[in-house]
Structure formats: C-alpha cells, structure tokens
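The values are calculated or read from the model by the stated rules, or taken from the named source; none is laboratory data. Here the structure is a predicted model, which is why all the values come from computation and not from measurement. Virtual Cβ from ideal backbone geometry, glycine too; neighbours counted across all protein chains shown. Areas reflect the complete protein model, heavy atoms only, side chains present, ligands, DNA and RNA absent. Shrake-Rupley method; radii C 1.70, N 1.55, O 1.52, S 1.80 Å.
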Amino acid sequence: MRGIPIFIARVIYGASWFFLSPYIPFILRMFSSSKNFANLIPFSFFVTAAIMQIPAGLISTKLGMKNTYTLGLFIMGISDTLIGLSKNIYEVLLLYSLTGFGASFFFSSAGGTLAVINEGRTVLVMGLYNAMFSIGGIIGLNWGLVDSLLGFSNASFLLGFLTILVSVINYLTSYTNVKPDFKVLKNKNVFLVASSTAGVWGSYYVVSEFFPSFAFYVMKTSPVVIGSISSLLVFSSVIGGIFTFIMSIIKNEKARIIITSILGVIPVLLLYNFYIIGLVIMGIFNEMAISIIYAFVIREVRSENSSLALAEVNSIQIGLGMLELLLPYISIYNLWYLVVIVSLIPLSILMKVR
C-alpha cells in the first residue's frame, strides 16, 4: 500500500474538522456571544468547503492533484494558527471558513492521488482513507483537552504547525502529479448517488459537531466530557473504514449503498437514551456507506480523473448535508428525529432509480 504521507496528512486534516467542536461553548463564553453561534461556527467551515469543492477540482486540472492537495494543507495550517489569535467571534467564523476553503483543495486531490498510486484497490484504499480521517476526528473531538493544557491560542498554533509540516512533507514526495479530465463532471450517475446520499453525510456531521452542545444545553452535562465520548463515533468509523471491503459480499452495488446508508442514519435515534450504542453503530455503517460511495465514483470515472468526480460528490454532499446543521433552530429537543427524516427522504430517490 503506497501513500503513507497522504494517510498521515488525512489524519491531521481530519482533526481540523472537529477541533473547535468541544470548545465551542467556551469560545462563546470567552467572547460573550449568543449560543446561536454554536451552529454557525461549524457552518462557516462547511459553507466554504462545499462551495470550493468543484472549483478546487477544476484547479487540480491545471496544477495537478498533488500540488492542489498540498496547497490546501498549507492554507488550513495558516488559518488554524490564526484562529488562536482571534479577538472576537466573527474572526473565528472568518478564519474557520478559510480552513474550510483549504480543506476543499485537499480531499478530492489527495484521494485521487491515492487511487492513482494504488490502482485496482479502490475499495480498500477509500476505506483506509476514510479511516484515517476518523482517527483525525478522534483527535479533534478530544482537542478540548489540549486546549485545557496549553490554552486555546497555543493549541491552535500546534495544530496549524502540524498541518503546515505535513503539507511540506507531501510536497516533497515523488508521487505523480496527475491532471484530471474536465469532462467527468458530466457523469449523471455520480450526481445521482451524491445527491441521494447527502443526508448520510449530513447526519454524521450534525452528530459530530452538535452533540457536545446538545449535551450541554439539553442534557446539562459537560461538553468537553461528551466531546470525548463523541469520539466513539469516529473511533467506530475507523473500524467501518478498515472493514468496508466486507460489504463486497453484497454483489449489487446499489443495494450496498442503500443498506449501509440506512444503517448509518437510523442509530441517531439512540442518542436520546443509549447514545454510546448509537454512536458506535452509526460510526461503523455511516463510514462504510461513504467509503463505498467514493469507491463507486472512482470506478465510474477512472482513478486518473477521480479528483473532479470526488470533488463533485463532496460538494453536493456537504452543500446539501450541511443544511442539517440548521435543524437545531427548528427544535433542539426533537433534533435527532428530524435528522433521520431529513436524511432518509433523499435516499428514496436512489431506491426508485434503476
């Protein structure tokens, strides 16, 4: 298996998605801000990450996939560092949106490079790629402990430094710098699968980003403690990513996507009373679903063109899925029921299409 520097970068990249989550209530208190900003902080990240996915994929057709993902890491490192210097909540929103901007450059081009250098092992590679992201998520959801030890500013500096470091290391590797073909954006199957499974992506991130705040405001427990418990979601995602290949026993690829998607959403209902069980089951099958979707997309367009197709999938899934972050405004107490309903309705489209 080639691509160790990319896998390591994927871990650091994953931490940036979550590292503010357990510390959000304290950030709001530090800047005397309304609790409504609890949703807007992760939302600011997802907006730019979604908007820039396809433009970043198009940029990879000019810069090449390797140059594109290393640039994305460098941008993320700079913005994560500057977050530690924020003077108010609006600077946090602006800088975290810049982190999302950098993240859009990394995901599809790094995944596409892995597919190219490991041709013919798509399911295994995408499973491991997502498993590494989940390991980063575990680190991110426990970053509140680093904040408590080093202070918010120093902890942000540390993550920023590590991100810049892996950017340089990956730039110096000898991996081929493939430039994908623009035409793959016309593939209708990629669009269909991405749009119908956006709720699978959305449900995962509502839980990972908002469950600590839900615990603080509804369950009246410590968000840092719950943030650590929430890492069970991403820990079980590691298991799901590594063992995605097991789902190959289901020969029909459409059935594979639908079954894992349903099993990756329904456990959200357990978060009211049996959240540990719910987090584990959801993590395993949600990650399997996403990995199977990525593998399907790469096979559709071929690995050398995969950065654009993966960018399209991620753009659609983030763009539609992040809307679920607005569900707490409708009802924070009925949040998990709303998540299941909103997530599974689009999946019915895929179930009806041949």
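Brief remarks on what is shown
- Selection from A255, N286, S237, by position along the positive dipole direction of the chain (Cβ): A255
- The residues of region 103-169 present an accessible area of 31 Å² per residue when probed at 1.4 Å with all protein chains retained.
- Compared with the alpha-carbon gap, the fully stretched path from L350 to K35 is longer by 109.7 nm at 0.36 nm per residue.
- Of the two radii for the chain, the radius of gyration is 0.94 times the Kirkwood radius, both from the alpha carbons; that is the Rg over Rh value.
- Sulfur and carbon atoms: percent of accessible area, region 116-218 [1.4 Å]: 67 percent
- Annotation for region 30-127: trypsin sites (Lys or Arg not before Pro) lying in DSSP loop with at most 10 further Cβ atoms inside 10 Å of their Cβ are K87.
- Residue-normalised accessible area of region 237-299, expressed per residue, 1.4 Å probe, Å²: 40 Å²
- When the surface is traced with a 1.4 Å probe over the full set of protein chains, M288 keeps roughly 20 Å² accessible.
- Only lysine pairs 8 or more places apart, or on different chains, with alpha-carbon atoms under 17 angstrom apart are counted in the chain, and they number 7.
- Taking the Cα atoms of region 261-354, the ratio Rg/Rh between the radius of gyration and the Kirkwood radius comes to 1.02.
- Dividing the convex hull volume of the alpha-carbon atoms in region 202-346 by its residue count gives 106 Å³ per residue.
- For region 186-275: Kirkwood Rh in Å [reciprocal of mean 1/r, alpha carbons]: 14.9 Å
- The label-point distance for M1 and F191, in a model that sets each label 7 Å from Cα toward Cβ, rounds to 3.5 nm.
- One chain, two ends: I169 and E119. Fully extended at 0.36 nm per residue, the span grows by 15.7 nm beyond their Cα-Cα distance.
- Stretch gain in nm, segment N177-V218, where the contour uses 0.36 nm per residue and the Cα spacing is subtracted: 9.9 nm
- Computed with a 1.4 Å probe over protein heavy atoms only, the accessible area of R299 comes to about 110 Å².
- Using every pair of separate Cα atoms, the Kirkwood estimate puts the hydrodynamic radius of region 1-122 at 15.1 angstrom.
- At an R0 of 56 angstrom, the distance between the Cβ atoms of S248 and S148 translates into a FRET efficiency of 0.85.
- A simple charge model with +1 on the Cβ of Lys and Arg, -1 on the Cβ of Asp and Glu and nothing else charged puts the dipole of the chain at about 640 debye relative to its Cα centre.
- Span-like helix ranges in the chain, DSSP H, alpha carbon extent 24 angstrom or more, Kyte mean at least 1.6: 122-141, 223-242, 275-301
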